[in-house]
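The structure appears right after this line, and notes come after that.
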Amino acid sequence: MKLNLRAQGQETPIPHQTLIMLSGGVESTSITKYLLELTDDPITAVFIYVPNGYGKAEEEKKALNLLVPRLQEIRPFKFFEITLKMPWQVIDVYWQIAMIPMLMKATNSVRMYQGLCAEDWEEEWRRREKVVYNIAMWMDMIPEEVAPNIPHLHLTKKQHMVYLDDLAPLTFSCQLPVKGQPCGKCKSCLMRNK
């Protein structure tokens, strides 16, 4: 059954151009699967590749090479990659978050979805929210219009993996991979292996 996302006062579902920040991690893959299965919204999924010296982006890219074709089997969607080359090591997630308002304008999206798990909410999203707000104001956009939708926020990382079923092993979560393999020690690895 499709999830009906109705505009106020409308009797029939109104498709909304939707942007998803797809990293190849557990949560972003989970929300992508959810929207593909339960809505008719036209979807554009974007991967922001930031080669920052940690090796994480390279492993995410490999994961997406496996995940995107499988997700396309649910129903077609647009997918593209943006490369940001920096002369220094950066925390890649903040560059990704800072680009949300620009990407929403570029794709004419009225909704943006991002994957987060319950463990990340208080600690992580509060910091990200400030970045989105400031960029939106700078671009003369209403911050509330670019605020992400996170319908799976109540799920733990492990619960996201259960929902993903056979897609879960294809995802990549490690923050500090060692020779292409999960370190087993970072927060993401520990949550994944609970």
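The values are calculated or read from the model by the stated rules, or taken from the named source; none is laboratory data. None of these values were measured; they are calculated from a predicted model. Every residue, glycine among them, receives a Cβ derived from its backbone with ideal geometry; neighbour counts consider all protein chains shown. Surface areas here come from the heavy atoms of the whole protein model, side chains and all, with no ligands, DNA or RNA. Shrake-Rupley method; radii C 1.70, N 1.55, O 1.52, S 1.80 Å.
Select, from 101, 51, the only residue that is surrounded by 15 or more Cβ atoms within 10 Å (Cβ to Cβ), outside any helix (DSSP H, G or I) and either of a type outside the set (A, V, I, L, M) or at pLDDT 95 or above (or both). I'd like the intermediate steps shown before the answer.
Working: 101 fails: outside any helix (DSSP H, G or I).
Just a single option satisfies the conditions, and that option is 51.
Inspect all residues belonging to the range 64-79 and state whether any of them is at pLDDT 90 or above, of a type in the set (Lys, Arg) and part of a strand (DSSP E or B). Give the derivation first.
Taking the range 64-79 first, the residues at pLDDT 90 or above are 64-79.
Among the residues that remain, those that are also of a type in the set (Lys, Arg) are: 70, 75, 78.
Next, only the ones that are part of a strand (DSSP E or B) stay: 78.
Yes, the range 64-79 contains at least one residue that is at pLDDT 90 or above, of a type in the set (Lys, Arg) and part of a strand (DSSP E or B).
Suppose we keep only residues that are among the basic types (Lys, Arg) and modelled with pLDDT under 90 within the range 1-45. Which one would you say is most open to solvent (accessible area, probe 1.4 Å)?
Taking the range 1-45 as the starting set, the residues that turn out to be among the basic types (Lys, Arg) are 2, 6, 33.
Subset that is modelled with pLDDT under 90: 2, 6.
Working: 2: 84, 6: 119 Å².
Restricting to residues being among the basic types (Lys, Arg) and modelled with pLDDT under 90, the top hit is 6.
Considering only residues that are open to solvent by 90 Å² or more (accessible area, probe 1.4 Å) and in a loop (DSSP other than H, G, I, E, B), look in the range 149-194 and name the one that is nearest to residue 30 (Cα to Cα).
Going through the qualifying residues, I end up with 154.
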